[in-house]
Every structure is written in C-alpha cells, then in structure tokens.
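First up is the structure itself, then whatever we jot down about it.
The values are calculated or read from the model by the stated rules, or taken from the named source; none is laboratory data. For clarity, every value in this text was computed on a predicted model and none was experimentally measured. Neighbour counts are summed over all protein chains in view; Cβ atoms, including those assigned to glycine, are modelled from backbone coordinates with ideal geometry.
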C-alpha cells in the first residue's frame with residue numbers, strides 16, 4: 001500500500017520540476033550522505049512520487065552527480081560574478097573573491113556540505129566534475145599572476161607556466177580544504193568565521209604574489 005504523502009504528490013512528468021528535484025537531492029545527499037540516501041527520501045523532500053526521479057534522471061547516481069554539479073556551479077557563479085573576464089586584476093580583487101567564496105560557503109550549508117564531502121572524490125563522474133571545476137577556476141586564477149603578462153622567452157615562459165599551475169592548484173586546494181574544515185563537525189568548526197576568512201585571504205594573496 002502506497003504512502004499517502006507520496007501518492008498525493010505533484011505530477012511526476014513535468015520537465016519544469018527538474019531543478020526542484022536537484023535542489024531536494026542536494027539537501028538529502030548533503031545531510032545524510034550518498035549511501036544513506038534513497039530515491040524515496042529525495043522524492044518525499046521534493047513532494048513528488050519516486051517515479052519523478054527515474055523519469056528525469058534514470059538513477060540515483062545520475063541525480064547525485066547533477067546535485068553535485070549544481071552545487072559546484074552555484075559556487076563558481078558567485079565567484080565569477082565579481083570580475084567579468086578581461087577586467088584588470090589586483091590584490092584587493094583576489095581578496096574579495098576569497099571573502100565572497102567564504103560568505104557563499106557559510107550561507108549555503110547544504111551545497112557546501114555536498115561539495116566538501118564529494119568534490120574530491122576519485123571515482124567516476126565526480127572526478128570529472130572536480131577536474132572541470134578546477135579548470136574553470138584555474139583559467140581565471142592565471143590573471144592574478146604577473147598581471148596576466150609573461151616573458152617572451154619561450155623557455156622561461158614554460159617554466160613560469162609550470163610554476164603558475166602549481167600555485168593555482170595549491171590555491172584551490174587550500175581554499176577548499178579550509179572551507180571544508182570549517183563545516184559543522186570539522187576541525188575548524190567553532191573558530192571565529194571572520195578571522196578564518198581573513199587568514200585564508202591573506203594566505204591566498206601571499207601564495208599568488210609574483
């Protein structure tokens with residue numbers, strides 16, 4: 001016998017409900033973890049019947065990847081909005097980017113938990129999402145190094161490119177690691193949020209200095 005709460009849910013086959021299902025999945029996966037979450041729980045969170053999940057996404061795994069992608073894209077969009085591509089970059093801009101990322105992280109707890117738990121996964125599509133996320137931010141982070149300019153000497157330019165790539169990877173890892181550690185239950189949970197944000201910004205500015 002079906003659950004009254006689910007059988008009275010909203011129509012399963014409305015394409016416009018796809019984003020609502022993703023939002024519900026973000027919440028459930030973030031709070032319970034992938035293994036402990038079920039399609040039925042996500043459907044209940046969204047107020048639909050479980051067939052809506054299978055209609056739009058096919059499997060729980062595909063919905064999970066869409067939820068993770070959504071969270072990472074939301075984070076990236078908040079950062080990118082600060083500086084349109086092609087605009088000059090300065091230290092103050094980098095500091096503002098770090099602080100904005102921190103504020104987003106604290107104001108979007110479900111998305112942050114999902115990113116913190118799974119963005120560094122080494123399996124399947126989650127790894128592809130992580131790599132795409134890194135490339136998106138790395139392309140913009142290069143602008144902070146040497147003012148976007150480089151040497152005309154090809155050997156020196158290649159060496160500088162390698163150094164810059166290492167700096168950017170370290171920058172992304174530091175930001176994500178500190179933000180993940182500040183999540184509820186993490187080793188930095190309980191420390192003053194503003195102080196942590198300022199310290200993180202200082203580290204990033206020093207790291208990206210020429």
- Message: Residue under question is residue 91, and the condition is that it be in contact with a helix residue (DSSP H, G or I) (Cβ under 8 Å, 6 or more places away or on another chain) and surrounded by fewer than 15 Cβ atoms within 10 Å (Cβ to Cβ); does it hold?
- Response: yes
- Task: Give 6, 94, 21, 82 a once-over and let me know the one that is touching a strand residue (DSSP E or B) at 6+ places or on another chain (Cβ under 9 Å) and modelled with pLDDT under 90.
- Result: 6
- State yes or no: is residue 194 in the same structural domain as residue 112 (by TED's automatic domain parsing), modelled with pLDDT of 80 or more, out of contact with any strand residue (DSSP E or B) (no Cβ under 6 Å at 6 or more places or on another chain) and loosely packed, with under 12 Cβ neighbours inside 10 Å? yes
- Note on the structure: Listed by first then second residue, the pairs whose first member lies in segment 19-47 and is touching a residue at least 60 places away in the same chain (Cβ under 8 Å), whose partner is in a loop (DSSP other than H, G, I, E, B) and surrounded by 18 or more Cβ atoms within 10 Å (Cβ to Cβ), with beta carbons under 9 Å and at least 6 positions apart or on separate chains, are 29/37; 31/37
- Yes/no for residue 205 being free of Cβ contacts under 8 Å to residues at least 40 places away in the same chain and part of a helix (DSSP H, G or I): no
- Of all residues in segment 113-124 being under 11 Å from the mean Cα position of the chain (by Cα) and at pLDDT below 80, which is surrounded by the most Cβ atoms within 10 Å (Cβ to Cβ)? 119
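Listed here are the residues, each with its yes/no results for (1) assigned to a helix (DSSP H, G or I); (2) closer than 22 Å to residue 90 by Cα; (3) at pLDDT 85 or above; (4) within 19 Å of the chain's Cα centre (by Cα).
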{"site": "126", "(1), (2), (3), (4)": "yes, no, no, yes"}
{"site": "140", "(1), (2), (3), (4)": "yes, yes, no, yes"}
{"site": "160", "(1), (2), (3), (4)": "yes, yes, no, no"}
{"site": "179", "(1), (2), (3), (4)": "yes, no, yes, yes"}
